[in-house]
Amino acid sequence: MENVQQYKLEKEPQETLAMDPIKFILWLFLVTIIMLFASQTSAYLVRRAEGNWLEFEMPVIFWYSTGVLLLSSIAMQWAYFSAKKDQFKQLKIAISITFVLGLIFLWMQFEGWKKLVDMNVYFVGNPSGSFFYVFTGLHGFHIITGLIVLAVSLTAAFKLRVHKKNLRRIQICATYWHFLDILWIYLFVFLLTFN
């Protein structure tokens with residue numbers, strides 16, 4: 001009998017570490033984005049060292065758009081905290097503000113591109129300008145994907161499917177949105193430093 005109990009103890013399954021598969025996919029996606037922008041910033045530095053590099057001053061609107069994106073991150077965090085406390089009205093307001101600020105950020109980036117054209121900085125002909133358009137364009141594309149994720153969370157919030165017992169959607173949304181904000185800060189500082 002003692003051997004049977006010891007055998008059962010030895011053969012009991014070990015507890016495994018589990019991760020939500022959607023969150024795991026999100027983290028893989030974030031790593032992929034990091035690798036994409038790391039390769040692009042490396043290429044930027046290599047190309048800059050080769051010469052034939054025309055420097056230009058970043059239009060002021062990019063400073064303002066950075067502030068808008070930071071405000072959107074604050075609103076996103078407010079939405080997350082509201083969801084944790086089942087404060088549905090605040091959740092709806094905060095996530096709506098985040099969405100609107102994301103749209104404003106995209107509009108400001110587009111206006112920034114128009115300012116670059118006014119300064120005779122085009123996508124072709126000036127490698128530093130080309131990289132600037134690529135960086136801001138790629139980031140803008142990811143902001144659009146972030147807005148899609150936000151729209152899904154916004155819809156769920158208005159249907160009261162986001163609450164303290166069901167935070168998965170808002171956690172994924174907040175993680176992705178904050179990541180995009182941090183990525184923009186990195187790109188912004190990089191372009192200010194090395195342009």
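Brief remarks on what is shown
- Per DSSP, loop trypsin sites (Lys or Arg not before Pro) in the range 134-177 with at most 12 further Cβ within 10 Å: Lys159, Arg161, Lys164, Lys165
- Where labels lie 7 Å past Cα in the beta-carbon direction, separation of Phe110 and Val189 in nm: 3.0 nm
- Cα shape, the range 56-195, gyration tensor, a/c 1.5 rule: prolate
- In sequence order, the range 74-81 has phi-based couplings of 5, 5, 5, 5, 4, 4, 4, 5 Hz under the Karplus curve 6.51 cos²θ - 1.76 cosθ + 1.60, θ = phi - 60°, and Gly or Pro positions carry x.
- Entries of Lys89/Lys159; Lys92/Lys114; Lys23/Lys89 with Cα pairs more than 23 Å apart: Lys92/Lys114; Lys23/Lys89
- Taking each DSSP H run with n ≥ 4 as -39500 (n - 2.57) and averaging over every residue of the chain yields -28000 deg cm²/dmol at 222 nm.
- Highest average packing first - 115-127, 99-111, Cβ atoms within 10 Å: 99-111, 115-127
- Sparse-neighbour loop sites [chymotrypsin sites (Phe, Trp or Tyr not before Pro); the range 27-67; at most 16 other C-beta within 10 Å; DSSP]: Trp53, Phe56
Any read-out appearing in this document is the output of simple, stated calculations on the displayed coordinates, not a laboratory observation. This structure is a prediction, so every number in the text was calculated from the model and none was measured. Note that each Cβ is placed from the backbone with ideal geometry, even for glycine, and that neighbours are counted across all protein chains shown.
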